[in-house]
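The structure appears right after this line, and notes come after that.
The values are calculated or read from the model by the stated rules, or taken from the named source; none is laboratory data. Note that this is a predicted model, so its numbers are computed, not measured. As a convention, Cβ positions derive from the backbone with ideal geometry for all residues, glycine included, and neighbour counts pool all protein chains shown. These area figures cover heavy atoms from the full protein model, side chains too; ligands, DNA and RNA do not enter into them. Shrake-Rupley method; radii C 1.70, N 1.55, O 1.52, S 1.80 Å.
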Amino acid sequence: MAVRKILKMGNPFLLQVAQPVTAFDTPALHQLVADMFDTMADADGAGLAAPQIGVGLRVVIFGVEANPRYPDVEPVPTTVLVNPVVEILDPTPEEDWEGCLSVPGLRGLVPRPRRIRYRGFDHHGRPIAREADGFHARVVLHECDHLDGILYPMRIRDMRQFGFESEMAGEEEQQVQAGEEALTPPR
Ligand code: NI
């Protein structure tokens with residue numbers, strides 16, 4: 001288990017399409033998932049995709065625990081999702097703030113479909129199939145975008161709603177709801 005270096009926007013590896021995992025329940029896949037959880041915890045993140053640590057495989061992890069101090073942050077089940085397939089159930093765009101461990105310090109308002117169904121496998125090869133909306137759907141869509149070389153700034157419609165978190169004073173409540181990979185406690 002190890003905390004791995006997180007690649008940042010501008011690194012061409014983040015723009016590549018990741019490859020499907022072909023063998024489940026292997027030592028290499030368990031090691032990758034363990035490293036991803038270590039890296040995500042170290043960065044205080046809510047999600048991470050394998051390409052962000054330089055591994056071009058279709059593996060994402062995410063999870064947000066309920067925290068009574070931040071009642072507006074919806075809990076998301078801690079999940080390992082391999083070879084995900086996402087289906088849009090309600091394409092109505094919903095905008096909310098996102099951040100990304102590969103785009104440190106910045107925040108942007110990103111439209112995402114309101115409701116999705118996602119399928120895939122965990123690292124043992126057990127199937128996963130869920131429906132999600134709101135923050136849960138947003139986290140899944142954000143992480144799965146990384147597998148196709150898409151970073152959230154590419155989806156921002158109004159670039160005036162993109163900037164450094166430290167400069168966006170007075171929007172603390174929004175930012176708490178909004179954090180994707182880097183949930184930011186109120187200051
Ligand atoms: Ni991200």
Two pseudo-spin positions, 7 Å from Cα along C-beta at residue 78 and at residue 96, lie apart in nanometres by 2.1
In Å², rounded to a whole number, the accessible area per residue of segment 12-181 with probe 1.4 Å is 46
Excluding ligands, DNA and RNA, the carbon-plus-sulfur percentage of the accessible area of the chain with a 1.4 Å probe reads 53
Counting only DSSP beta bridges with both partners in segment 12-181, the antiparallel fraction in percent, to the nearest 5, comes to 95
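Share of Cα-Cα pairs in the chain beyond 22 Å, in percent?
42
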The answer for the net charge of residues other than residue 67 whose Cβ lies under 14 angstrom from its Cβ, with Lys and Arg +1 and Asp and Glu -1, is -3
Here segment 23-33 yields Karplus 3J(HN,Hα) values (6.51, -1.76, 1.60; θ = phi - 60°; whole Hz; Gly and Pro given as x) of 10, 9, 6, 9, x, 5, 5, 4, 5, 4, 5
Length gained if residue 43 through residue 19 is fully extended, taking 0.36 nm per residue and subtracting the Cα-Cα distance, is 6.1 nm
A correct Karplus calculation of ³J(HN,Hα) over segment 141-150, with 6.51 cos²θ - 1.76 cosθ + 1.60, θ = phi - 60°, whole Hz and x for Gly and Pro, returns 5, 4, 5, 5, 4, 4, 6, 10, x, 10
Calc'd 3J(HN,Hα), segment 110-118, phi into Karplus 6.51 cos²θ - 1.76 cosθ + 1.60 (θ = phi - 60°), Hz, glycine/Pro = x, comes to 10, x, 9, x, 6, 9, 9, 10, 10
Gyration tensor on Cα atoms of segment 84-130, a ≥ b ≥ c root eigenvalues, a/c under 1.5 rounded, else prolate if a/b beats b/c, else oblate, says oblate
